[in-house]
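The structure appears right after this line, and notes come after that.
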Amino acid sequence: MAMNGPFQEEYWEANVLPTTWAFICKRQPDGTVKKFKARLCVWGDLQKHGVHFWETWSPVVQWSTVRLILVISSILNLKSTQADITAAFVHAPLGENEDFYIHQARGFRGDPDYVYKLNRSLCGLKQTPREFFCYLVDCFTQYGLKQSHLDPCLFVGSNLIVITYIDDLLIYSCSDSNIDSFITGMHKKEIDLGHDGTVKRFLGVNIQHCPNDDPSKPAQIIMSQTSLIKRIIEACGIVGSHIHGCETAAEYVPLPRDALGHVASGSINYASVLGMLLYLAGHNWPDITFAVHQCAWYTFDPKHRHEVTLKQIVRYLKSTADKGMILSPSSSLDINCYPDADFTGLYGHEDPQDPHCIKSCAGFVILVANCPILWKSRLQTEIAMSAMEAEYVALSMACKELFPLVAMVSYLAGQVSLCSCAVINLMVTIHEDNVGALTLGNLESL
């Protein structure tokens, strides 16, 4: 009625969203409480695409980039620090023509009839991650850092490397003064960086630097995830000294569909445990990648046999929980790629009428400076008619990942002048064990 009355020009239609509080307990790697956080969030699920928001995509850093920077920092003996941006999302202003209002937060003592207009982004809005990343790119660019065209979350300057994963930063330089100047420069732009010292933990991965016995050689880097492994073991109920570990994560025979086998017992949450294992395998446990990949084939219809295989992987992790992936960089940034394929690996173990049984499995690992940087294992989408074809498809799959990685190493070698080091000689070698695929791969044109 008021909007149709004599004062209708003083009224307008506003988009008012409710809010909620999110309380978080952040813990140290050993499980002890680090801090408690309270975050005011907007009910972004009430927003409509094309009305309240348009673009929402925001990138995150590739883990191959993180491992590559760790290796380069060890070779060049760079200084490092990790930092997080306090109340990250509220730094970014809203875009043009984006007017949002929120109801009063629970516990706020004010006039209950009032609503509040947002001047900046807030957690929960669909476009907030993108708005914040664009704001961060502008700040880094104004400071003199250049965004990489190979990884949008990598920023390189004349004396600085910055990696960003939303509000978590890894900063590298040849001197602490450059890092301090960067943090001070961000403070001037009203970005409060929480300084956590030398890089020791990033996104749940523990990073330990161990000096080499030979001072002339780069330091070793050990990457581990003991807290996640502990959660996986507890989720599978494999606790207690009476349950022993095993020597290998994968069985010695392929894992078939087992369509007529016993259904899964449901004693574990198959999808949840598999998700944690995929996170573990993709970060710093390449030796379980193939075994986890096999279990992932049957996520939507797991059988009892698949549960047993999944528990075998967890038993292997239990026996190696205190271990980690050791990166021992060599002095040169040589790149070695090792592709391979298992031609019709499930044939004879699966129903011969099922096309699934004659598909080949492909995998590869890429080493930079003698350190594993990127690895994958997956089922080929097409059916190979020969071992040569399966190997060639695996070679093609590996090259799709190898060429961008070579470009990244070349980019860092050419752009980063962090230290007065010698010229980096880059040698790329692909190790292929199939003569036919090797001959076909060496052809200039098909």
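The values are calculated or read from the model by the stated rules, or taken from the named source; none is laboratory data. Just so we're clear, the structure is a prediction, and the values are computed from it rather than from any experiment. Every residue, glycine as well, gets a Cβ built from its backbone with ideal geometry; the counts of neighbours run over all protein chains shown. Side chains are part of the model used for accessible areas, which takes the heavy atoms of the whole protein and leaves out ligands, DNA and RNA. Shrake-Rupley method; radii C 1.70, N 1.55, O 1.52, S 1.80 Å.
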*Is the range 237-254 home to any residue that is more than 30 Å from Ile72 (Cα to Cα), buried (at least 20 other Cβ atoms within 10 Å of the Cβ) and not basic (Lys, Arg)?*
yes
*Across the range 352-379, what is the total count of residues that are surrounded by fewer than 20 Cβ atoms within 10 Å (Cβ to Cβ) and more than 19 Å from Ser64 (Cα to Cα)?*
8
_Any pair with Cβ under 8 angstrom, 6 or more apart, that starts in the range 264-282 at a residue that is within 18 Å of Ser377 (Cβ to Cβ) and of a type outside the set (Ser, Thr, Tyr) and ends at one that is open to solvent by less than 60 Å² (accessible area, probe 1.4 Å) and not in a helix (DSSP H, G or I)_ = Leu274/Thr299; Leu280/Gln225
*Can you give me the number of residues within the range 387-396 that are open to solvent by less than 40 Å² (accessible area, probe 1.4 Å), of a type outside the set (Asp, Glu) and closer than 12 Å to Asp342 by Cα?*
3
*Where residues in the range 260-296 are hydrophobic (A, V, I, L, M, F, W, C) and in contact with a Lys or Arg (Cβ under 8 Å, 6 or more places away or on another chain), which of them is surrounded by the fewest Cβ atoms within 10 Å (Cβ to Cβ)?*
Val263
*Which pairs do you get when a residue that is at positive phi and free of Cβ contacts under 8 Å to residues at least 40 places away in the same chain, found in the range 91-103, comes within reach of a residue that is outside any loop (DSSP other than H, G, I, E, B) and surrounded by 14 or more Cβ atoms within 10 Å (Cβ to Cβ), reach meaning Cβ atoms under 9 angstrom, with the pair 6+ apart or on two chains?*
none
*When you go through Ile233, Ile161 one by one, which is the residue that is under 30 Å from Val308 (Cβ atoms) and open to solvent by less than 30 Å² (accessible area, probe 1.4 Å)?*
Ile233
*asked:* Give me the residue from the range 43-58 that is in a loop (DSSP other than H, G, I, E, B) and surrounded by 15 or more Cβ atoms within 10 Å (Cβ to Cβ) and, out of that set, modelled with the highest pLDDT.
replied: Ser58
*Please indicate, with yes or no, whether at least one residue in the range 168-187 is among the β-branched types (Val, Ile, Thr), in a loop (DSSP other than H, G, I, E, B), touching a helix residue (DSSP H, G or I) at 6+ places or on another chain (Cβ under 7 Å) and open to solvent by less than 10 Å² (accessible area, probe 1.4 Å).*
no
*So, of the residues in the range 397-425 that are assigned to a loop (DSSP other than H, G, I, E, B) and surrounded by 15 or more Cβ atoms within 10 Å (Cβ to Cβ), which turns out to be modelled with the highest pLDDT?*
Val416
*Are any residues in the range 129-155 free of Cβ contacts under 8 Å to residues at least 24 places away in the same chain and acidic (Asp, Glu), and if so, which ones?*
Asp138
*asked:* Checking the structure you have, find out if any residue of the range 306-320 is open to solvent by less than 30 Å² (accessible area, probe 1.4 Å) and under 20 Å from Glu382 (Cβ atoms).
replied: no
*Take the range 132-146 and flag every residue that is out of contact with any Phe, Trp or Tyr (no Cβ under 8 Å at 6 or more places or on another chain) and in a loop (DSSP other than H, G, I, E, B).*
Gly144
*Verdict on Tyr316 being among the aromatic types (Phe, Trp, Tyr), over 24 Å from the mean Cα position of the chain (by Cα) and assigned to a helix (DSSP H, G or I)*: no
